[in-house]
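Notes follow the structure.
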């Protein structure tokens, strides 16, 4: 029996009769879509001040420019994964890519804040339609070492979009190409999307579940409602002071998720086609990998947020200068993410624990630098910790995603991809909500001198998450070795 925790797990069995594709060209197409989605989660933060001034947008509208995208992505992922199983993953990927390109243009051309919010929500739904198809195609179209390398490139691309999002946004706004200003942050997706869309039919093979399932509409409604009830208060709660409705939503989400699970079990027991086959979570490798994804991604988005706040509000840096500091993380990340598949061949199931420990060491070094320098020390003091954190990130993202999907059978790979992508989004919102309590509680009235202390407390919280990830994935590796005996 293959280890469920190996970073080089055998791929799922062959899927239903795929149409011919060109994997050499297919990977750049998938990575282009991944880059655009990852970039759009982070680049908008740099554009917010310019958007607010140009469109005369209020605080609520600006919050929804960010929150609307994140909520739409999280809400649509599970359903989108199932749609790929039913209608074909290439077809759903191309539809999502076409819609994402069109909605990116709508964001860049938005005449009012209301139209920008609407376009951002539509853009998020389009990203949700693409995301699970990328993971499912990677799992079904590439095999063995080629698959490990493809997942490595996927992880690298996700990280590049996240780490360099602020820098790219700052450069685009400063360059003011054709007088577009902040609009270039969205319009940059249009040429990338059009080129990828033109190449996709020839580059990607079509695949779907071996037995074409039906879409469970009740399951879709329950999963959508449950995800909205969970993610919406996590995104909006702290900024609004956690009003009563946020707690009602969180309690309601638990009820809705319980109803969703019960419904899925009934549908499966009756021989139907549930949106999410609960049997997925009876596979030790997938279930443990899902928990590890939750722990890891809870720290990632929140770390980028508090680092940007420390640099800009605490150290007084402009967005572009702050983005340059992020290059230290990116350099470490590129160093390991581009070779993660080779490192995984040597370390096997120890790759993710090693990466988590490297991140913990980097965060510890960063805490020491912040404690020593406060708001006035040299920025160079931050570089070693940021670089080491990036090195660890590069060892975690792709191998962890590969591990989570490595033993999923072909007929469940689309649904499993949707679950993994949903966990990544929900974890990001959860991490930001939790770290917001720590960080903003310590900042208080927002005096610059309070930011080093608040950032230090946040780093301790994040370091604990990385140690928990190292412990969990080490346990997964040990359990996997025992299962192989």
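Any read-out appearing in this document is the output of simple, stated calculations on the displayed coordinates, not a laboratory observation. No experiment lies behind these values; they were computed from the predicted model shown. Ideal geometry is used to build each Cβ from the backbone, glycine not excepted, and the neighbour counts take in all protein chains shown.
For q = 0.09, 0.11, 0.15, 0.16 Å⁻¹, what log10 I(q)/I(0) does the stretch 191-341 give under the Debye formula with an equal point scatterer on each alpha carbon and no solvent? At q = 0.09, 0.11, 0.15, 0.16 Å⁻¹ the computed log10 ratios are -0.55, -0.81, -1.18, -1.20.
Can you sort 92, 130 by how many other beta carbons sit within 10 Å, fewest first?
Listing 92, 130 from fewest to most nearby Cβ atoms yields 92, 130.
A simple packing score, the average count of other Cβ atoms within 10 Å per residue, orders the peptides 116-129, 134-147, 264-277, 339-352 as 116-129, 134-147, 339-352, 264-277, with the highest score first. Length gained on full extension, residue 338 to residue 171, computed as 0.36 nm times the residue gap minus the Cα-Cα distance: 57.7 nm.
With 10 angstrom as the radius, rank 112, 227, 321 by how many other C-beta atoms surround their C-beta, starting from the fewest.
On the way: 112 12, 227 24, 321 16.
Lowest to highest Cβ neighbour count: 112, 321, 227.
Value of Rg to Rh for the stretch 290-445, rounded to two decimals, is 1.01; Kirkwood radius and Rg both from alpha-carbon coordinates. Against the chain, whose longest principal axis comes from its Cα atoms, helix 217-240 is set at around 10 degrees. The helix-based estimate of mean residue ellipticity at 222 nm for the chain, built from -39,500 (n - 2.57) per DSSP H run of four or more residues and divided by its residue count, is -26500 deg cm²/dmol to the nearest 500. Here the contact order of the chain, divided by its residue count and restricted to Cα pairs under 8 Å and six or more residues apart, works out to 26 percent.
Between residue 442 and residue 265, the simple spin-label model (points 7 angstrom out along Cα→Cβ) gives 4.2 nm. In plain terms, the residue of 263, 87 with the fewest other Cβ atoms within 10 Å comes first and the most crowded comes last, giving 87, 263. The coefficient of translational diffusion for the stretch 99-172, derived via Stokes-Einstein from the alpha carbon Kirkwood radius under 4 °C and 1.567 mPa s, stands at 90 µm²/s.
Label separation (residue 284 vs residue 368): 3.8 nm, computed from points 7 Å beyond Cα along the C-beta direction. Here Rg and Dmax of the Cα atoms in Å was calculated from the structure, and among (1) 23.8, 71; (2) 21.4, 65; (3) 23.3, 82 it sits at label (2).
Once the Cα atoms are used to define both axes, helix 351-373 deviates from the longest principal axis of the chain by about 10 degrees.
Here the stretch 70-117 and the stretch 370-392 have alpha carbon centers that stand 37 Å from each other. When only Cα pairs below 8 angstrom with a gap of at least 6 residues are kept, the stretch 248-389 shows a relative contact order of 20 percent. Descending by average beta-carbon neighbour count within 10 Å, the peptides 169-177, 310-318 line up as 310-318, 169-177, the highest first.
Estimated at 0.36 nm per residue, the fully extended path between residue 247 and residue 195 surpasses their Cα-Cα distance by 14.3 nm.
What percent does the relative contact order of the stretch 209-321 come to when contacts are Cα pairs within less than 8 Å and at least six residues apart?
24 percent
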